[in-house]
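Just so you know, all these numbers are worked out from the coordinates, no wet-lab data involved. Just so it is clear, the model here is predicted, and its values are computed rather than measured. All Cβ positions, glycine included, derive from the backbone under ideal geometry; neighbour counts span all protein chains shown.
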Amino acid sequence: MIEQGVADVGDELEIVDLAGGRRKTTLVGIDLIGRRPFDPKSISLILRPLERDQIEVGYSVVTPGYPIGS
């Protein structure tokens, strides 16, 4: 789910896992999935260097340094 924000191809982002660990990544593409392009559940982020087995449901993608949790 997209909560807020803007990201452009080439931006450096961070993936935050469920334990709060962070990994740097770069956005290399955005794909729309399905028929409703503005539905927040219908996008796919292409991140480098990252493999499918390195990310799980519940992880967050944020700008570097963005605070997560309380």
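Once amide H atoms are placed 1.01 Å from N in the peptide plane, what residues at a sequence separation of 5 or more from L47, or on another chain, have their amide H within under 5 Å of its amide H?
The list, which skips near neighbours in sequence, is V28.
Apply the Karplus parameterisation 6.51 cos²θ - 1.76 cosθ + 1.60, with θ equal to phi minus 60°, to every residue of the range 7-21 and state each ³J(HN,Hα) to the nearest whole Hz, in sequence, with x for glycine and proline.
9, 10, 4, x, 5, 7, 10, 10, 9, 10, 7, 5, 8, x, x
Among V57, V28, V62, rank each residue by its count of other Cβ atoms within 10 Å, from fewest to most, as a rough exposure measure. Provide the component values of the computation, followed by the final result.
Working: V57 5, V28 14, V62 17.
The order, fewest Cβ neighbours first, is V57, V28, V62.
Going by average Cβ density within 10 Å per residue, which order do the peptides 6-17, 45-56 take, highest to lowest?
Numbers: 6-17: 13.3, 45-56: 11.8.
So the peptides 6-17, 45-56, ranked by packing, come out 6-17, 45-56.
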